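Structure below; questions to follow.
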């Protein structure tokens, strides 16, 4: 088995504060997992950030800015599981530049890929054959239609210019703790792990860790559970939605840069919260997608198929006709808002961005708050490392910032929809025009998403039309457009806590919902030699959306991170 | 002995490519670029030869715009000792690349020049052969196995040819181009990526190498292949024969 000796710790006092220097990790005995040539290699940084998204990169940039201001140097490392920065970034996105204006005020002159201001803002209620214009609840003046994947790439460049080290293709798979249960680093899966389990691992050690993995981050979820961060923050559970998106290139005359359309209603029913979006970018590209709240009741609901149906609406067909799809993807997003924000600080670091959950649901924007949370965490981190304060200042700063004020004001929109579409819309109108968040109470969320699914026998199956190959497509065709790839010779990264549950519970009781909500057809029930349906996990298809981790009725599916460099390859999402 | 490896930055193999609307080429903006897979195999072979003690240094060479440096850094992270970047902005066709490689070979004097058999963006499969011709060196292309005999300065190369495998014995210095089954390239580990930052990359321009980049090729048009037509179910053998003869004109 092997005996592991503790590392030799040498504490060296330097004027700016004590620094921990890790010497070596020794292993005795033959551990089958390790190759004989090298012990685990460890690299040290002052700050390790997991995830090169808007929050992570904002934190990295802010840290380096503070270093320049105060004449200090802190080493900052960002690890990113995607093959390149931006590869796993997907968002609508109508961007509010509030946080970017604070972080990089010169962005307009530095060729940031933010060039399409919102030119019109429409809101439609869809029925099967009509689109009824409603007063628009959004105020997008001053905002831009962007590709978040492109913006994040640009932010990555800015971060590297400031000296941040970014390592794409490296997935943080494990958290390292010291003897006092304090987080001291992460282990990354090196690429080239064979199915037999032989692999090398690398450690990134940091004095402080920032987790910015996005919605339902795998390490963040573990940390929140371990340190009871939801209870600590008096927060409810998080609620989620699944967003499925395509970027199309449409015909010349139909393109209207900056046009923003949101819809409600068809194809979703009155009990299912969700809607669609349609944004015109530049270069004749449009972003079109659907967002379905994951607390839907009917296990026969297939969000992907609902999206395909949506594209056949008479108001949408003329726009898409003659166009072609450039990219496809899917990702879950937070809808819990204010009520679900956990206490984001843990011994050794903090959680930022959507991993904690700062998305403003009525605005359907989370990028600006994610970035701001990264900046606040960076300021707190700098205080800890340079001035000896503690990370609680991050929590204080959050509560004093515009994130809090915004999310507090927005807190009662989404929970009102627990009572149905009409009550929800009525409350939205009330909040938007009159109350503006001043209700003296806070509505609570309903059941957690995975508990909201009713058993199959109480629900009716939904018949979805076949794809026509022009406007609507089958999953394999769409998946091909996501540039998803995983090295096939690796263990499946989707783990079943109890391998018998799919056939004993999911299939008979819930009619196998995972075969419907997964936008990548990872979960399929195939008859085996005895003609019994068995679950087959096509882990290679995975888009890293985390829907299965959220919606599985018995929470039996655990999404763990595969070898870095795999997953989708988004470039204009 | 020094080994020189030529590597090319191409559109990543997993990306779904599309043709630019003006039909002048494939869309490369906002698209993931990586090292050509055959070049990775070439570099891996060079590194293995060095690790077995038969070579002292591996030099990676790439030609093109400034972004080639990223690809060179990946090569350095895999284990190459030094990089050379030939900065050129226009289109570089195989003959130009071959001439530049010849000039670099005269500077660096390697005992072995290894390239990928072809690049996955143009599928030319010409550069290795052309540079061997220009240098007057023996060539072992489509290599699926390479064994070096340092003492006798000979490389024994198994080549994958249409009829099977052909084994050639090449006197060094020689040119080898790699095929898929030669080896499985290693991944760059994080510490190696860090170390690669401090490895040197030397810049050259075509003028410094006395090579004039003039192209005798011009891309006229790039179009997508015609969409596959749906299959037709025939009801009898006669109908099949009729269609094969009169519609498909294959018999």
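Counting just the residues of segment A:212-228 that are over 11 Å from the mean Cα position of the chain (by Cα) and under 25 Å from residue A:152 (Cα atoms), which one comes out surrounded by the fewest Cβ atoms within 10 Å (Cβ to Cβ)? Steps first, answer last, please.
From segment A:212-228, those over 11 Å from the mean Cα position of the chain (by Cα) are A:219-228; that's our starting set.
From the residues that got through so far, the ones that are under 25 Å from residue A:152 (Cα atoms) too are A:219-221.
Values: A:219: 23, A:220: 28, A:221: 20.
So the residue we want is A:221.
With a cut-off of at least 1 residues that are within 14 Å of chain A (Cβ to nearest Cβ) and within 24 Å of residue B:192 (Cα to Cα), name the helices (runs of 4 or more DSSP H) lying wholly within segment B:1-116. Before you say what the answer is, go through the steps one by one.
Details: elements: B:37-51, B:68-78, B:94-108.
Helices (runs of 4 or more DSSP H) meeting the threshold: B:37-51, B:68-78.
A further question on this structure: What single numbered condition from (1) in contact with a strand residue (DSSP E or B) (Cβ under 7 Å, 6 or more places away or on another chain); (2) modelled with pLDDT under 95 fails to hold for residue B:139?
Exception for residue B:139: condition (2).
If you scan segment A:127-161, which residues turn out to be part of a helix (DSSP H, G or I) and within 14 Å of another protein chain (Cβ to nearest Cβ)? Let's see the steps before the verdict.
Residues of segment A:127-161 part of a helix (DSSP H, G or I): A:148-161.
Residues satisfying the conditions are A:148, A:149, A:150, A:151, A:152, A:153, A:154, A:156, A:157, A:160.
Mind checking whether some residue in segment A:285-297 is assigned to a loop (DSSP other than H, G, I, E, B) and within 24 Å of residue B:18 (Cβ to Cβ)? Can you show your working first?
Going through segment A:285-297, the residues assigned to a loop (DSSP other than H, G, I, E, B) turn out to be A:294-297.
When the remaining residues are screened for being within 24 Å of residue B:18 (Cβ to Cβ), the result is none.
Within segment A:285-297 (the criterion being assigned to a loop (DSSP other than H, G, I, E, B) and within 24 Å of residue B:18 (Cβ to Cβ)), the answer is no, since none of the residues qualifies.
To continue, here is another question. Among the residues of segment B:74-89, count how many are surrounded by 20 or more Cβ atoms within 10 Å (Cβ to Cβ) and within 18 Å of residue B:110 (Cα to Cα).
Counting residues in segment B:74-89 that are surrounded by 20 or more Cβ atoms within 10 Å (Cβ to Cβ) and within 18 Å of residue B:110 (Cα to Cα) gives 8.
Another one. Can you find even one residue in segment A:109-123 that is touching a strand residue (DSSP E or B) at 6+ places or on another chain (Cβ under 6 Å), at pLDDT below 90 and more than 13 Å from every other protein chain (Cβ to nearest Cβ)?
Looking through segment A:109-123, none of the residues is touching a strand residue (DSSP E or B) at 6+ places or on another chain (Cβ under 6 Å), at pLDDT below 90 and more than 13 Å from every other protein chain (Cβ to nearest Cβ).
Follow-up question, since we're still on this one. Quick check on my filter: what residues within segment A:196-226 are in a loop (DSSP other than H, G, I, E, B), away from every other protein chain (no Cβ under 14 Å) and either more than 27 Å from residue A:334 (Cβ to Cβ) or at pLDDT below 95 (or both)?
A:196, A:197
Based on what the data block shows, is residue B:164 over 14 Å from the mean Cα position of the chain (by Cα) and at positive phi?
It is true that residue B:164 is over 14 Å from the mean Cα position of the chain (by Cα) and at positive phi.
The values are calculated or read from the model by the stated rules, or taken from the named source; none is laboratory data. Please read these numbers as outputs of a predicted model, since none were measured by experiment. Glycine also receives a Cβ, built like all others from the backbone with ideal geometry; neighbour counts cover every protein chain displayed.
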